[in-house]
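One structure is given here, and the rest of the page talks about it.
The values are calculated or read from the model by the stated rules, or taken from the named source; none is laboratory data. As the structure is a computational prediction, the values presented were derived from the model and not from experiment. Heads up, the Cβs are rebuilt from the backbone with ideal geometry, glycines too, and the neighbour counts pull from every protein chain shown.
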Amino acid sequence: MYKKNLINYFNSNAKDAYKWHKRSRYYYKELISFLRFNIEEDANVLEIGSGTGTFLDAVKPKKGVGLDLSPKVVKLAKKNYPELHFFEGDVDKEIKLEEKFDYIIISDLIGYLEDIQTSFENLRKVCHKRSRVLITQYSILWWPILKFFEFLRLKQKQPILNWLGEKDIANMLDLAGFEIIKKERRLLLPKYIPFLSWFANKIVANLPLFNYFCLVECFVLRPRPLKFFADKDYTVSVIIPARNEKGNIENAIKRMPMMGSSTEIIFVEGHSTDETLDEIKRVIKVYDKKNIKYFIQSGKGKYDAVKKGFEKATGDIFMILDADLTVVPEILPKFYEIISSGRGEYVQGTRLVYPMENQAMQFLNYLANKFFGLSFSWLLGQHITDTLCGTKVFFKNDYEKIAASRKFFGDFDPFGDFDFIFGASKLNLKLVELPIHYKERKYGSTNISRFRHGLILFKMLFIGIKKFKLD
């Protein structure tokens, strides 16, 4: 009976849909901004509860499919967006689509679902392992305010069945086999008032505590892997930037485990003054049964060396290992297991869980790493403890997408740490941190200038705030 009444409600209000969209255009503009930021153009996109098709059209899909309960609303959407595909359907029962989609939009719909767990279980049929599901919903804290607006006829009256908190939703998603990659809250002031709306929604709404009272909760999900072991052996490329690291080169090779179906080791030499290049050449001859290559970087800085190594690498999986061996090579198989099994799609080490060896990290550096970890957890809506650990692992295909999106953030990170994290978050990759034991350097000295490079890192942080919070 509820579902029948719901269909009748949407059918009877179909003709007024655009009127209410127009009256709430500032609200819908914010939702579209969230969707566009998180959905790549020219992707295959499915929207559940697609309404008149406004959101589906806004994300510019390669193929866009909309599913809605109301036959009148579907008819209206087909008329307005003939290049998109709209069908009647009920996600509570069964999705009668055979294809799989890159992105699935579920906007302001959870409140109408009779069985949320079953609905999301049905969604798995149209997901591949890299699909992303984007959810927006009203915060339960706004229930009395929205009802009051409906009473004043400032908001369209809606027969919402469910008012669920964030933890309730997370639990149901977990039961249905989905996990939350990141979450954020938006809109303290859902109506447009010159300057005041921008200040409230871009500045105040992003502050701790105030953020809790935002109107809209946004989630990005992925299907949780059904098995936690690799379904194939991947090839691996380990990139080792090396500048003035002569005393560490042979140890890096001797201690390097073989992973996957094959492992290539790529040194990128950075114009050293201590005969590092000669040592690399010697080691290649001594360990000629291992697949070792070397290149000389043309520019300066660690990231320039890493990009050179990635350009020459042939593996399915890219790994970065610092030549100072403060992160030991023996731990790399753990990174391989996490990414090859699908438990993570962007895996980095964290040095701030286990105790460190004496002199492994100076106190000011430790404080800076703590600060950046907290800042990025707030900035990206994902828990991160250590943004600056040099050991990072991802698939080659994902690196290519990160590199392509570099123009969005700019290209002046000398280390690559922020560039990789920004890019991975923009792509909604599942980020996993692996705790490692951080060792004291045995040879040479750090190539990092604490204060000069620290200023660059703060600059990158402010760019992240602008791109993720203020745009």
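Points to keep in mind about this one:
- Among the helices (runs of 4 or more DSSP H) confined to region 309-411, the ones with at least 2 residues that are within 26 Å of Gly177 (Cα to Cα) are located at 332-340, 363-380, 396-404.
- The set of residues in region 244-256 that are surrounded by fewer than 22 Cβ atoms within 10 Å (Cβ to Cβ), modelled with pLDDT under 95 and in contact with a Ser or Thr (Cβ under 8 Å, 6 or more places away or on another chain) comprises Asn244, Lys246.
- Residue within region 343-365 that is among the small types (Gly, Ala, Ser), in contact with a Pro (Cβ under 7 Å, 6 or more places away or on another chain) and in contact (Cβ under 8 Å) with a residue 24 or more places away in the chain present: no
- Residues satisfying the stated conditions in region 264-289, i.e. surrounded by fewer than 21 Cβ atoms within 10 Å (Cβ to Cβ) and in contact (Cβ under 8 Å) with a residue 40 or more places away in the chain: Glu264, Asp274
- Between Asp304, Asp288, the distinction of being part of a loop (DSSP other than H, G, I, E, B) and either within 28 Å of Glu357 (Cβ to Cβ) or at pLDDT below 95 (or both) belongs to Asp288 only.
- Tally of residues being part of a strand (DSSP E or B) and over 17 Å from Tyr212 (Cβ atoms) across region 134-159: 2
- Scanning region 328-352 for residues that are of a type in the set (Val, Ile, Thr) and buried (at least 22 other Cβ atoms within 10 Å of the Cβ) yields Ile339, Val347.
- Taking the conditions (1) outside any strand (DSSP E or B); (2) under 22 Å from the mean Cα position of the chain (by Cα); (3) not hydroxyl-bearing (Ser, Thr, Tyr) in turn, Asn162 satisfies each one other than (2).
- Test: residue in region 95-106 that is modelled with pLDDT under 85, surrounded by fewer than 18 Cβ atoms within 10 Å (Cβ to Cβ) and either part of a loop (DSSP other than H, G, I, E, B) or among the β-branched types (Val, Ile, Thr) (or both): no
- Test: residue in region 430-442 that is touching a helix residue (DSSP H, G or I) at 6+ places or on another chain (Cβ under 7 Å), under 22 Å from Ile317 (Cα atoms), at pLDDT 70 or above and of a type in the set (Val, Ile, Thr): yes
- Flag if Glu279 is part of a helix (DSSP H, G or I) and either assigned by TED's automatic domain parsing to the domain that holds Arg441 or among the hydrophobic types (A, V, I, L, M, F, W, C) (or both): yes
- Residue in region 43-52 that is surrounded by 15 or more Cβ atoms within 10 Å (Cβ to Cβ), over 22 Å from Lys93 (Cα atoms) and free of Cβ contacts under 8 Å to residues at least 60 places away in the same chain present: yes
- Applying the set (1) within 24 Å of Gly416 (Cα to Cα); (2) within 29 Å of the chain's Cα centre (by Cα) to Ser262 leaves exactly one unmet item: (1).
- Long-range neighbours under 6 Å by Cβ, at least six apart or interchain, first residue free of Cβ contacts under 8 Å to residues at least 24 places away in the same chain within region 98-122, second surrounded by fewer than 22 Cβ atoms within 10 Å (Cβ to Cβ): Asp115/Asp92
- Any hit, region 49-57, residues being β-branched (Val, Ile, Thr) and in contact with a helix residue (DSSP H, G or I) (Cβ under 6 Å, 6 or more places away or on another chain): yes
- In region 171-189, the residues that are more than 15 Å from Asn122 (Cα to Cα) and free of Cβ contacts under 8 Å to residues at least 60 places away in the same chain form Cβ pairs under 6 Å with partners that are surrounded by fewer than 21 Cβ atoms within 10 Å (Cβ to Cβ) and among the hydroxyl-bearing types (Ser, Thr, Tyr), at six or more places apart or across chains, as follows: Leu189/Ser197.
- Meets criteria (buried (at least 20 other Cβ atoms within 10 Å of the Cβ) and among the small types (Gly, Ala, Ser)) for Ser237: yes
- Restricting the first member to region 25-38 and to residues that are under 17 Å from Lys182 (Cβ atoms), and the second to residues that are among the acidic types (Asp, Glu), the beta-carbon pairs closer than 9 Å and six or more apart or on different chains are Leu31/Asp108; Ser33/Asp471; Phe34/Glu184; Phe37/Asp471.
- Within region 143-178, the set of residues being surrounded by 15 or more Cβ atoms within 10 Å (Cβ to Cβ) and closer than 25 Å to Ser377 by Cβ comprises Leu164, Glu166, Ile169, Ala170, Met172, Leu173, Phe178.
- Flag if Gly111 is modelled with pLDDT under 95, surrounded by fewer than 19 Cβ atoms within 10 Å (Cβ to Cβ) and within 30 Å of Lys469 (Cβ to Cβ): yes
- Helices (runs of 4 or more DSSP H) enclosed by region 1-52 - at least 2 residues per element that are more than 27 Å from the chain's Cα centre (by Cα) and among the charged types (D, E, K, R): 2-13, 17-23
- Residue count for region 308-337, restricted to those that are more than 20 Å from Leu277 (Cα to Cα), under 24 Å from the mean Cα position of the chain (by Cα) and acidic (Asp, Glu): 2
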